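The values are calculated or read from the model by the stated rules, or taken from the named source; none is laboratory data. Bear in mind that the values here come from a model prediction, so they are computed numbers and not experimental data. For neighbour counting, all protein chains shown are included, and Cβ atoms are generated from backbone atoms with ideal geometry for every residue, glycine included.
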Amino acid sequence: MARLRTDWILFLTIVAMVCFGLVIMYSASSALAELRYHVAPYFFVIRQIGWAAVSFCVLMYFKRMDYRRMNNPAWAFSGLGLVLTLLVLVYFADPHQHRWFRLPGIGSFQPSEFAKPALILFLAYFIARRAHVINDRRTLRQAVVAILMLAFMVVVADLGTALVPVITAVLVFWIAGLDWRYMLRIAAIGVLLVSVAIASKGYRLGRIIAYVDPDYSKLEVVDTHGWVRSYIQRSTTVRDASYQARQSKIAVGTGGIFGVGLMQGKQKLMFLPDAHTDFIFATVGEELGLWGSTAVIIGFLVILWRGARLFVLATDDFGKYLALGVTLSIVVQAFINMSVVLDMAPTKGFPLPMISFGGSSLLSTLTSLGMLLSVSEHEG
């Protein structure tokens, strides 16, 4: 097979989406910066531009590196080890939320975001060596231990962030040929563990109930003493857990087909929480309408298309599963985020890749995409 060169469709799509993200993020954050934080309207976008510059340098580093150099235990296990170490450190550095390292003059750094590229690299290395015995119990035990260890450390701080790498891992194993009987067992274990994680935090349980039973009418039939509702209310300062979803739908509905115009949105004016982070897709829908929202979706579909293409064309298993893991991780996160914004799933906060404000998320995403571009650059 002839050597594959840079995938310019993929590369230019990434550049366009990051630039678009900076524009819409400025629109979503400028009023918030002045009204809530009393800083200049460009405060958040300047920080994001700095992170974007660093992230593109990292992307170019991985793009130019031959991805096959990462096909060794040093890369596969050091990434996991580093992330696990940072997750332990942040547990003590941030005793309340267990999520953030506060860096003076730079902002916050969220190590759980880097669980995604670390796990993707590990999975590609692991499956490339065990693909012929993917249904062997010894293989599964080794993989499950590593994934659960990482997932547990991330869940301590943020259940939503843990869901993306775990869902990605399950999909990668399924595509690699994992037998259905094991898939059903993993699904059952996953549902049990997620249920425990949700029940352990009242605010998590509140979000689920607010989605399926907003007025608690069904819950009151089985919880006649109000214990569950009391548990939820003691655990959160937000009394209306469906508020964000409702305001998000108002924003998207207001935008209609053509939108109200860039910088002209109203929901970002202290009505919609996290308008520049987790719910930025609602700002896109309000200001740029159906056309703008569709453009964002097309961007992620292009990444899915080019990633799937590389999965098919790559001649070695490591390249195949590296491309597959990166593609699924980004696309799964994007479509879960958009589903939450459109009230098609319970509220859970994590950013829209390349669009939302968040330096850690952007750096993690472009690191992963750099590895994906490396498969295109050097495969063959």
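Evaluation of residue 56 against the conditions (1) within 20 Å of residue 368 (Cβ to Cβ); (2) not in a helix (DSSP H, G or I) shows that the sole unmet condition is (2). Can we say residue 210 is in a helix (DSSP H, G or I), farther than 29 Å from residue 362 by Cα and in contact with a Pro (Cβ under 9 Å, 6 or more places away or on another chain)? Yes, satisfied. Considering the range 86-105, the residues that are surrounded by fewer than 13 Cβ atoms within 10 Å (Cβ to Cβ) and within 22 Å of residue 366 (Cα to Cα) include one that is modelled with the highest pLDDT, namely 102. If I filter the range 305-314 for residues that are in a helix (DSSP H, G or I), buried (at least 23 other Cβ atoms within 10 Å of the Cβ) and on the phi < 0 side of the Ramachandran plot, do I get at least one hit? Scanning the range 305-314, I find at least one residue that is in a helix (DSSP H, G or I), buried (at least 23 other Cβ atoms within 10 Å of the Cβ) and on the phi < 0 side of the Ramachandran plot, so the answer is yes. Can residue 122 be described as modelled with pLDDT under 85, of a type outside the set (Asp, Glu) and part of a helix (DSSP H, G or I)? Against the criterion (modelled with pLDDT under 85, of a type outside the set (Asp, Glu) and part of a helix (DSSP H, G or I)), residue 122 does not qualify. Scanning the range 324-375 for residues that are more than 23 Å from residue 107 (Cβ to Cβ) and either assigned to a loop (DSSP other than H, G, I, E, B) or among the acidic types (Asp, Glu) (or both) returns 342, 343, 344, 345, 346, 347.
If you go through the range 244-288 and keep only what is within 22 Å of residue 359 (Cα to Cα) and assigned to a loop (DSSP other than H, G, I, E, B), you end up with 268, 272, 273, 274, 275, 276, 277, 278, 279.
Figure legend. Inter-residue proximity from the range 86-112: first residues farther than 24 Å from residue 46 by Cβ, second residues surrounded by 13 or more Cβ atoms within 10 Å (Cβ to Cβ) and acidic (Asp, Glu), beta-carbon distance below 7 Å, spacing 6+ or different chains. Indicated pairs: 112/158. For the range 339-364, a tally of residues being over 23 Å from residue 59 (Cα atoms) and buried (at least 21 other Cβ atoms within 10 Å of the Cβ) returns 3.
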